[in-house]
Amino acid sequence: MLEKAQQLKLQFEEKVNTAKNPADLEQLRIEFLGKKGSVASLMSELRNVPNDQKKEAGQIINEVKQFIENAIKEKNVELQKLEEERLINAAEDYDVTFPITEEKGSYHPITLVQRELEDIFAAMGFSIEDYDEIVDDYHCFEALNIPKHHPARDMQDTYYLSTNQLLKTHTSAAQNAILKKYTSELEADRPIRVIFPGRCFRNEKIDACHENTFFQMEGVMVDKDISISNLIYFMKTMLSEVFQQDITVRLRPGFFPFVEPGFELDIQCTICGGKGCPSCKDSGWLELCPCGMIHPNVLTAGGLDPEKYTGFAFGLGLTRLAMMRYGIKDIRVFNSCNLKSLSQFENATFTQPEKEVK
Ligand code: DAH
């Protein structure tokens, strides 16, 4: 047994010197110390050793085992050091002056337009609110004076969820919660002024002008004695800021159950100045923003007394504004995930469209 153990030790010593890396060493460990390794098979031979010599033989094998275990540990430290040195030498071959070609990320054009609008509104004292994308029927419709079975629901083909909720079809869905949240402003003799941008969903057939996912920015202002002239003045001032030029607006009647009266607000075409061009389909006007005086029922649902307070609301189409701003002809660009198209926009100053994006 002593002879066999010594032979095993010699064998191991020869092999361990040839190990060049941690993987070689692991192989060796399995070969000698593994369950079916050489040490284990020597142990199993113990049963053939006469009883009076068993103890001594067992000790001899254990010593060899200890020796192998220690040698593997030491060799491992040595190999780790060699590996580190190799990596350091390899790093010296690395050229830190080599130009980095990685592309930078960029903001989505709708994010750019949204941020610019938020800055403009914030400067006019508006708070900015975020609102859920999943809402209930009450907030999306009933609180907005659109009862069940009202034909106005047909204008917004809605995605209903199995949880009795739905994907909000317009940012107006936040109006009720916003009015309630900001009641304290009126109590403190300040107007409610809030914008709430958000993503909306409708079951639209997708083409160059329609998407089932799009962005709006809704705004409300409520106080004592707010009238249509406030609405017109305010929208004109705000849009002149947005487009960085003096803007002429006009109101056409429009029907939305949550405003009375309701309007479609047009701006005089910023490209031809009202003379007529392909962008405004020769009409001289661009349809921009539905708006109106908040319906008394909506104020009541929001906990406000319509005898005491009045207000206006508007729903800017952010996606539409981004298309106008950048001359994007096809709405599908926004959700295309095509980085080549989406990464070319940098700032969102609303002058004339500079380039066409296909
Ligand atoms: N929520 C309407 C829609 O998406 C747009 C709208 C119309 C919003 C009139 C308003 C408004 O705030 O006053 O079709």
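A few comments on the model shown:
- Ordering Thr171, Phe196, Ala208 by the projection of their Cα atoms onto the charge dipole of segment 130-260, which places +1 on the Cβ of Lys and Arg and -1 on the Cβ of Asp and Glu, puts Ala208 at the extreme positive end.
- Per-residue extension of 0.36 nm, minus the Cα-Cα distance of Lys236 and Gln6, leaves a gain of 72.9 nm for this segment.
- Straight-line cross-link reach from Lys104 at under 16 Å between alpha-carbon atoms covers these aspartates and glutamates, not counting any fewer than eight positions away in the same chain: Glu346.
- Whole-Å distance, taken between Cα centres, linking segment 187-204 and segment 1-63: 79
- Hydrophobic long helices, here whole DSSP H runs in the chain with Kyte-Doolittle means of at least -0.5 and Cα atoms spread over 15 Å or more along the helix axis, are found at 22-33, 109-123, 228-243.
- Spacing of the two label points (7 Å from each Cα toward its C-beta) at Glu204 and Glu69, in nm: 7.3
- Those aspartates and glutamates that a straight Cα-Cα span of less than 17 Å connects to Lys205, excepting residues fewer than 8 apart in one chain: Asp154, Asp157, Asp330
- Rolling a 1.4 angstrom probe over the chain with all protein chains present gives an accessible area of which 50% lies on carbon and sulfur atoms.
- Computed E for Tyr138/Tyr107 - FRET, C-beta separation, R0 41 angstrom, nearest 0.05: 0.75
- Between Ile228 and Ser336, the FRET efficiency from the beta-carbon distance, with R0 = 56 Å, is close to 0.90.
- Remark: spin-label model distance Gln27-Ser279 equals 7.2 nm, labels positioned 7 Å along the Cα→Cβ axis.
- Distance in nm between pseudo-label sites at Glu78 and Cys272 (7 Å out along the Cβ direction from Cα): 8.8
- Between Gln53 and Asn17, the contour length at 0.36 nm per residue exceeds the Cα-Cα span by 9.7 nm.
- Local charge for Ala123 was computed over the other residues whose Cβ lies under 14 Å away, with Lys and Arg +1 and Asp and Glu -1, and equals -2.
- Eligible lysines near Lys181 by straight Cα distance, threshold 21 Å, same-chain separation 8 or greater: Lys168, Lys224, Lys308
- Within-15-Å neighbourhood charge of Gly198 [Cβ basis; K, R +1; D, E -1]: -2
- Entries in Lys4/Lys65; Lys4/Lys55; Lys35/Lys75; Lys9/Lys55; Lys281/Lys340; Lys36/Lys81 that, when Cα-Cα distance is taken, lie over 24 Å: Lys281/Lys340; Lys36/Lys81
- Average accessible area per residue (Å²) across the chain - probe 1.4 Å, nucleic acids and ligands excluded: 58
- Looking at segment 256-307, the GluC sites (Glu not before Pro) that sit in a DSSP loop and have at most 13 other Cβ atoms within 10 Å of their own Cβ are Glu307.
- Taking trypsin sites (Lys or Arg not before Pro) across segment 21-120, the ones in a DSSP loop with at most 15 further Cβ atoms lying within 10 angstrom of their Cβ are Lys35, Lys36, Lys104.
- Separation of alpha-carbon centers, segment 208-265 and segment 70-85, rounded to whole Å: 74
- Over all other residues within a Cβ to Cβ distance under 13 Å of Lys181, the charged ones net out to -2, with Lys and Arg as +1 and Asp and Glu as -1.
- For the chain, share of DSSP beta bridges that run antiparallel, in % to the nearest 5: 95
- If R0 equals 35 Å, the separation of the Cβ atoms of Arg190 and Thr97 corresponds to a calculated FRET efficiency of about 0.05.
The values are calculated or read from the model by the stated rules, or taken from the named source; none is laboratory data. Treat the numbers as computed from the prediction; the structure is a model and nothing was measured. Cβ: placed from backbone, ideal geometry, glycine included. Neighbour counts: every protein chain shown. SASA here: full protein model, heavy atoms, side chains in, ligands and nucleic acids out. Shrake-Rupley method; radii C 1.70, N 1.55, O 1.52, S 1.80 Å.
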